[in-house]
Amino acid sequence: MNVAGLTAIVTGGASGLGEAAARELAGKGVKVAIFDLNEEAGSRVADDIGGTYCKVNVTDDASVEAGFAKARESLGQERILINCAGIGSATKTASRDRETGEIRTHPMEAFDSMIQVNLVATFRCLAKSAAGMMTLDFLDCGDRGAIVNTASVAAQDGQIGQAAYSASKAGIVGMTLPVARDLSSEGIRVNTILPGIFATPLLEAAPEKLKAALAESVPFPKRLGKPHEYADLALQLITNSYFNGESVRLDGAIRMAPR
């Protein structure tokens, strides 16, 4: 797929992996719309790349619909979607308070929130985007469009306290092939990236000692992943028309320990 001149939507595009992907696409001549709740950061990135910012809550149908409408009115129907919006936290399934001995279970509202933001919202956005792509003609390469989702290595080797997070990301991996099969007759490809430990803004704020320990845990190269490396792979999954239905780890060969 030749991406120059096409339109893309990047959820969670105001920072981190999403921002890197938005900038990578814009650098290749793609018109990019950013879906994010952070107005200041989202507007800044959109202005930098000549794109469009849409304030979108990916867990809300009406908000997502409005975002797609604004993006399409401004830039045209997208042929590319990159889903990067997501959250993360760690809470044990059941735990004991060290001081009082009180036994607690994982709050169900927190578990549900993780599933809603990471898994359900990914499906919501890709389904709505695919429906829009289906109105377009086929490109010369045979594609109508391409979708890239973001899971995590935690989908396969989640750590202590990551039951909710791992479940949400494993769900993204689990639906990748069936969704790709659903959309195959329409010429819409679907792939997923499983990032390892990346130097996102959240992790960059961590103490240097912790970052050094995390980097040392990566077999090779012994460093944190760089957001542009995620963006490079996302672009490859979009431009290579034989990539379809795949879930690809990008992790320096790490396999996460229990903690």
Review point. What single numbered condition from (1) under 23 Å from D143 (Cα atoms); (2) out of contact with any Leu (no Cβ under 8 Å at 6 or more places or on another chain); (3) buried (at least 21 other Cβ atoms within 10 Å of the Cβ) fails to hold for F35?
Key: (1)
Exercise for review: Tell me which residues, restricted to the range 119-154, are more than 16 Å from the chain's Cα centre (by Cα) and surrounded by 24 or more Cβ atoms within 10 Å (Cβ to Cβ).
Suggested key: G145
**Study point:** Of residues in the range 155-172 being aliphatic (A, V, I, L, M) and crowded, with 21+ Cβ neighbours inside 10 Å, the one farthest from N244 (Cα to Cα)
**Key:** A164
**Study point:** Filtered residue count, the range 114-169, keeping only those that are of a type outside the set (V, I, T), in contact (Cβ under 8 Å) with a residue 12 or more places away in the chain and in a helix (DSSP H, G or I)
**Key:** 25
Check your understanding: Which of the residues that make up the range 1-45 are of a type in the set (K, R) and touching a Ser or Thr at 6+ places or on another chain (Cβ under 8 Å)?
Key -> K31
Review point. Mind checking which residues of the range 70-118 are in contact with a strand residue (DSSP E or B) (Cβ under 9 Å, 6 or more places away or on another chain), surrounded by 11 or more Cβ atoms within 10 Å (Cβ to Cβ) and among the small types (G, A, S)?
Key: A71, S74, G76, A85, G86, S95
Revision key, fill the gap. Per the filter on the range 183-232, residues touching a residue at least 40 places away in the same chain (Cβ under 8 Å), of a type outside the set (A, V, I, L, M) and more than 22 Å from A253 (Cα to Cα) are S184, E186, G187, R189, P201
Check your understanding: Which of the residues spanning the range 154-173 are touching a Lys or Arg at 6+ places or on another chain (Cβ under 6 Å) and of a type in the set (A, V, I, L, M, F, W, C)?
Key -> A154, A155, I160
Exercise for review: Go through (1) in contact (Cβ under 8 Å) with a residue 40 or more places away in the chain; (2) surrounded by 24 or more Cβ atoms within 10 Å (Cβ to Cβ) and name the single condition S15 misses.
Suggested key: (2)
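Rule-based calculations on the coordinates, nothing more; no lab input. All figures in this text were calculated on a predicted structure; none of them were measured in a lab. So basically every Cβ, Gly included, is an ideal-geometry build from the backbone, and we count neighbours across all protein chains shown.
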